[in-house]
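Enquirer: Here it is, the structure in full.
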Amino acid sequence: MKVSKQERYDLEERLLNYAAGVVRLVEKLPDSRAGNHVANQLLRSGTSPLANHGEAQGAESGADFVHKLSICYKELRESRRWIRLIKRVPLVEPPNLPDALLQETEELVRIFAASLRTAKGGKRSTLMVRAKTKFGFSRASIWSTSAGRRFRACLGFESGSKLRALQTLREVGSRSIIQRAGILLESRFETDTHFCTDPSHSTC
């Protein structure tokens, strides 16, 4: 799903305000062994999402994008634990001082959890591959996995190389991939000959 510039900027501004809130809370922690330890941990985890969200916007690949979002999500979950600890001890007065920051942490965790589900769903479900050459398909929907990548390789074979394409598909070993590919290949070669979609068969 395409994210508008306004939505991206809103989240960036929100993360900037969140990091500022973390810094302000950390500055109120006592200069003690426990206070310094919690301060260092929260300062690291609470400011990390701002930086990693910026890196996600410039991600070099889909995997890199998901990785950066995952870091944001994990660091926010960690920050939530440290803020709860500050309240539980308590390390600040009044004890409800971190309440607003804790609420914002909860909301950001939900935002990044939803973003990760969307990003991973797009990566793992189907990948629309434009194949306008050789086989003449406008698009081919396949699984975005190592098996799917091997299938996509067959789209680059010479036109009419049905046997080679079929052999490649059988090597994939995934019945669902082969079934999807078989339909596409049959339509390409315009034949009534049925492609074997069982990877356990030695001949077709």
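The values are calculated or read from the model by the stated rules, or taken from the named source; none is laboratory data. Model, not experiment: these values are computed from the prediction. Don't worry about glycine lacking a Cβ; one is built from the backbone with ideal geometry, like all the others, and counts go over all protein chains shown.
Enquirer: For segment 103-118, which residues satisfy the criterion of being out of contact with any Ser or Thr (no Cβ under 7 Å at 6 or more places or on another chain) and either under 17 Å from residue 51 (Cα atoms) or touching a residue at least 24 places away in the same chain (Cβ under 8 Å) (or both)? Break it down stepwise before answering.
Expert: Residues of segment 103-118 out of contact with any Ser or Thr (no Cβ under 7 Å at 6 or more places or on another chain): 103-104, 106-115, 117-118.
Answer for segment 103-118, where residues must be out of contact with any Ser or Thr (no Cβ under 7 Å at 6 or more places or on another chain) and either under 17 Å from residue 51 (Cα atoms) or touching a residue at least 24 places away in the same chain (Cβ under 8 Å) (or both): 104, 106, 108, 109, 111, 112, 113, 115, 118.
Enquirer: If a residue has to be surrounded by fewer than 17 Cβ atoms within 10 Å (Cβ to Cβ) and polar (S, T, N, Q) to count, how many in segment 72-97 make the cut?
Expert: 1
Enquirer: Give all pairs with beta carbons closer than 8 Å in which a residue from segment 33-51 that is not assigned by TED's automatic domain parsing to the domain that holds residue 74 meets a residue that is modelled with pLDDT under 95 and surrounded by fewer than 20 Cβ atoms within 10 Å (Cβ to Cβ); count only pairs at least 6 apart in sequence or on separate chains.
Expert: none
Enquirer: Here's another thing I want to ask about it. Could you tell me which of the residues 100, 20 is in contact (Cβ under 8 Å) with a residue 40 or more places away in the chain, in a helix (DSSP H, G or I), surrounded by fewer than 16 Cβ atoms within 10 Å (Cβ to Cβ) and not β-branched (Val, Ile, Thr)?
Expert: Working: 20 fails: in contact (Cβ under 8 Å) with a residue 40 or more places away in the chain.
Sole residue among the options that is in contact (Cβ under 8 Å) with a residue 40 or more places away in the chain, in a helix (DSSP H, G or I), surrounded by fewer than 16 Cβ atoms within 10 Å (Cβ to Cβ) and not β-branched (Val, Ile, Thr): 100.
Enquirer: Considering only residues of segment 57-71 that are of a type outside the set (Gly, Ala, Ser) and farther than 14 Å from residue 118 by Cβ, which is surrounded by the most Cβ atoms within 10 Å (Cβ to Cβ)? Step through it out loud before you land on a result.
Expert: Of all residues in segment 57-71, those of a type outside the set (Gly, Ala, Ser) come to 57, 60, 64-69, 71.
Remaining after also requiring farther than 14 Å from residue 118 by Cβ: 57, 60, 64, 67-68, 71.
Details: 57: 13, 60: 8, 64: 13, 67: 14, 68: 21, 71: 18.
The qualifying residue surrounded by the most Cβ atoms within 10 Å (Cβ to Cβ) is 68.
Enquirer: Given the options 55, 60, name the one that is in a loop (DSSP other than H, G, I, E, B) and under 23 Å from the mean Cα position of the chain (by Cα). Steps first, answer last, please.
Expert: Values: 55 fails: in a loop (DSSP other than H, G, I, E, B).
60 is the lone residue from the list that is in a loop (DSSP other than H, G, I, E, B) and under 23 Å from the mean Cα position of the chain (by Cα).
Enquirer: Could you say which residue among 80, 88 is basic (Lys, Arg) and in contact (Cβ under 8 Å) with a residue 12 or more places away in the chain? Please lay out each step first, then the result.
Expert: Working: 88 fails: in contact (Cβ under 8 Å) with a residue 12 or more places away in the chain.
One residue alone meets the criteria, 80.
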